[in-house]
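Coordinate-derived values only; no laboratory data. Since this is a predicted model, take the numbers as computed values, not measurements. Note: ideal-geometry Cβ built from the backbone for every residue, glycine included; neighbour counts use all protein chains shown.
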4 protein chains.
Amino acid sequence: MGADDQRILGEASLRGHPKHKPTRPRRVPLQGRAEETVASIIEAAAQILEKEGFAGFNTNAVARRAGVSIGSLYQYFPGKDALTVALINRENKRFYDDAAIALTRRSGRAALEYLLAAAVRRQLQRPMLARLLDLEEARPTLRGEVEKDELEGLFHEVLRRAAPKHERLDVAAADVIAIIRGMVDSAGERGETDLQSLEERLRAAVFGYLART
Amino acid sequence: MGADDQRILGEASLRGHPKHKPTRPRRVPLQGRAEETVASIIEAAAQILEKEGFAGFNTNAVARRAGVSIGSLYQYFPGKDALTVALINRENKRFYDDAAIALTRRSGRAALEYLLAAAVRRQLQRPMLARLLDLEEARPTLRGEVEKDELEGLFHEVLRRAAPKHERLDVAAADVIAIIRGMVDSAGERGETDLQSLEERLRAAVFGYLART
Amino acid sequence: MGADDQRILGEASLRGHPKHKPTRPRRVPLQGRAEETVASIIEAAAQILEKEGFAGFNTNAVARRAGVSIGSLYQYFPGKDALTVALINRENKRFYDDAAIALTRRSGRAALEYLLAAAVRRQLQRPMLARLLDLEEARPTLRGEVEKDELEGLFHEVLRRAAPKHERLDVAAADVIAIIRGMVDSAGERGETDLQSLEERLRAAVFGYLART
Amino acid sequence: MGADDQRILGEASLRGHPKHKPTRPRRVPLQGRAEETVASIIEAAAQILEKEGFAGFNTNAVARRAGVSIGSLYQYFPGKDALTVALINRENKRFYDDAAIALTRRSGRAALEYLLAAAVRRQLQRPMLARLLDLEEARPTLRGEVEKDELEGLFHEVLRRAAPKHERLDVAAADVIAIIRGMVDSAGERGETDLQSLEERLRAAVFGYLART
DNA sequence: AATGAATGAGTATTCATTCAT
DNA sequence: AATGAATGAATACTCATTCAT
């Protein structure tokens, strides 16, 4: 009933152990207006991060660009980190929605290939944003707050199909994610635009890895 | 001749075309004491980053831990970023010194294996430091200031020996570095300590990659 | 007849000559529901002040705990101060209702003793609340808004009976109130729980004071 | 060696139990300049509290009035509360320095009388300041940070001389302090200026209390 | 060369209050 | 009458950097 329930990320959850935040369809603002506000704030954060980098990424600027008061921002996000986390989650969700199509592929190999392609696609769309968010996601403070379960689950499942005999799929999933992130961010940093080539090299690394572990 | 020559990274160099800082003999112990001071400041930065994370990493704290006045710190480093860059360079140098031994190996494969082992070793020694520096190194502001040439050259050469027929060694070098960094940082984040296992998986990814590109 | 009449403390009254608020019949349960709402808000304020202290005492929190919207709170109280004042008045009223029994005592001494006992009782019941409200009541902004007349009248009357020959009863009343408040709050701060002892010391101070003035 | 050592009130000491801060001649800024700065900040705080009340009492305003940057304020005071505490301590020290003269009196009674006179004097000099500081001192957050030991010790000693046979001097000291504070603040609130009269009534209460406990 | 006191722009965050629905 | 989303002025506090001594 109180405004607190709409807060995207509770204070409690920011400290202490993950606590497995209710990954359930988290209570999103009920009234249309609020929902819009939240969305506009997150998108504003994305745009600022994209165009100004970390330097310009402060809550007041985000609120301004969102056309919202700073108070509204804090109505929905208990702090700056919560906003960052929300943005990361939005991006991950979008990636997930695309990547999940991989599961419709017949073969495990095709599924994994789709996954890699999706990763490359995502990177090339908003390269700076993707990169900076990866950076943020690695920050000790934020790690543990981000909803990775679904995404990791997806990788796990795809790898299970692509490498059924692999003995440690969780390790493999973590490694594959790490490889993708490493290569794709590095490509972004270097300004690569040839997603064809990047995709191929990524396949080389990932399939090579799987073939040898 | 003046004190300015001791500045690790000039302001000018932070903007504009970076690369190749003043190629002066670099060693030239202008004054033993100054060299010591610089070293102690850099080590203080390392320790703080390791123990307090980004949160505690500010110039005043670094100076205090180094047992030096904040004024002195700015005598040697024109700014915080310059200090960060100096620390990154120190770490890269140390890694380079170890990794360069790879070149003494007979076979290209052995050389590359040595390289990978060195990367894992480094990560496991000061995991937090290594990770945070990788993060910093990726920051748009710092990229371009860091001396990567030597290190990249080393990778290039080792790859040349390990995969003589590879057509785009520079791309391969960048990719391999990205794979290593991705996997090794990820392992660090997850608190992995079994460097044996990590090394094997790293080899799988890198050799797999090379075999397929 | 309008909603305004329910406002506990008009803005106008906060500035300008306070004293004697609109002497309207004060009771007149305009609407049972409204009265309940007001009561629940005041009690919520009391609970928060008691459990969270000044830190947690903000209008939104009060409304939330009262199970009422923030808008409703402002429907009945023109501002935070008005709410605080209403709470103080409620507590004073309760104290008054108990303390007024003093007037039924035969002797003036007994009456005064009853008064002191009542004061101690009140303090020991909700020590933190009593103390914080005393603090608030002393705030320049609020002084003058609180209904002290009745209470002071009571003290005046009791003192008149206890020390009939006293020449300046109003001064004595103020002093006695000050002594009680000082000692009782101090005891609360120090966590005293032995109300027997406190009562005795209080009597010593007050009767001593009266005997010598 | 670091700036931290000059901080008037360490962070650690603000949380957790009193910890009996080194009541020793606390490390005051060593260089003359710093000492002046600290003094000017505290005096600025006093003036603002006196003239603007709590409303205008914010760190930026204090710094401005002190003719000092906000950064300097925080160089010496880790937070607003620390500044408040420092001001309270300064005032208590001043009061102590005056009140300690009581110990030079021959009789215990005369000593106590001197103490009461000093308390009244102090109140009448800067009434608003004295009152507001008493209010602040009672705030749960600040209590325990203020150096009361000396002052309480003084009261203890004076009472020992004035009422040698009293069995619980510590309780008596606390009560007497409470009585003084209560009456004197109340007088201040009511705008009393006749310190003669106030002094007499104070004596009545205190000596009356002592005679009966 | 060294010191460390001083600076102040910058930023996160709170909370009383308003008002469209 | 009630709701609660929205507001934004106010404020505590940080930290990179400068410069007088």
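Overview of values
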{"read-out": "Size of electric dipole in the protein assembly as shown: Cβ of Lys, Arg +1 and of Asp, Glu -1, about Cα centre, debye, nearest 20", "value": "500"}
{"read-out": "Residue A:143 paired with residue A:94, simple spin-label distance in nm, labels 7 Å along Cα-to-beta-carbon", "value": "2.5"}
{"read-out": "Across the identical copies, how the residue A:64 labels are spaced - nm, sorted shortest first, 7 Å along Cα→Cβ", "value": "2.1, 3.0, 3.3"}
{"read-out": "Listed pairs A:148/B:93; A:51/B:93; A:51/B:80; A:51/A:93 exceeding 27 Å between Cα atoms", "value": "A:148/B:93; A:51/B:93"}
{"read-out": "In sequence order, calculated HN-Hα J values of the range B:91-104 (Karplus, 6.51, -1.76, 1.60; Hz; x Gly/Pro)", "value": "5, 5, 4, 4, 4, 4, 4, 6, 5, 4, 4, 3, 5, 7"}
{"read-out": "For the range C:154-213 versus the range A:39-70, the gap between their alpha-carbon centres in whole angstrom", "value": "61"}
{"read-out": "Mean residue ellipticity (222 nm) of the protein assembly as shown, computed from DSSP H runs ≥ 4 via -39,500 (n - 2.57), nearest 500", "value": "-22500 deg cm²/dmol"}
{"read-out": "Between 0 and 90°, nearest 10: helix D:127-138 axis offset from chain D longest Cα axis", "value": "80"}
{"read-out": "Cβ neighbours within 10 Å from other chains - mean over C:137-143", "value": "4"}
{"read-out": "Calculated SAXS-style log₁₀ I(q)/I(0) at q = 0.04 Å⁻¹ - the protein assembly as shown, Debye, Cα scatterers", "value": "-0.29"}
{"read-out": "For the range C:70-157, radius of gyration divided by Kirkwood radius, i.e. Rg to Rh on alpha-carbons", "value": "1.05"}
{"read-out": "Sequence-separation-based contact order of the range B:106-196, relative, with Cα cut under 8 Å and 6+ spacing, percent", "value": "46"}
{"read-out": "Rounded tilt (10° steps) of C:169-189 against the dominant C-alpha axis of chain C", "value": "70"}
{"read-out": "Å³ per residue enclosed by the Cα convex hull of the range C:3-211", "value": "129"}
{"read-out": "Label spacing, shortest first and in nm, from residue A:156 to its equivalents in the remaining copies (7 angstrom along Cα→Cβ)", "value": "4.3, 6.4, 7.8"}
{"read-out": "Partner chain coverage, peptide C:168-178 - average Cβ within 10 angstrom", "value": "4"}
{"read-out": "Residue of chain B nearest the B-to-C rotation axis [by Cβ], rounded angstrom distance", "value": "B:55, 12"}
{"read-out": "Eligible aspartates and glutamates near residue C:165 by straight Cα distance, threshold 17 Å, same-chain separation 8 or greater", "value": "C:157, C:175"}
{"read-out": "Fluctuation leader among B:67, B:32, B:56 - chain B, Gaussian network, Cα springs under 10 angstrom", "value": "B:32"}
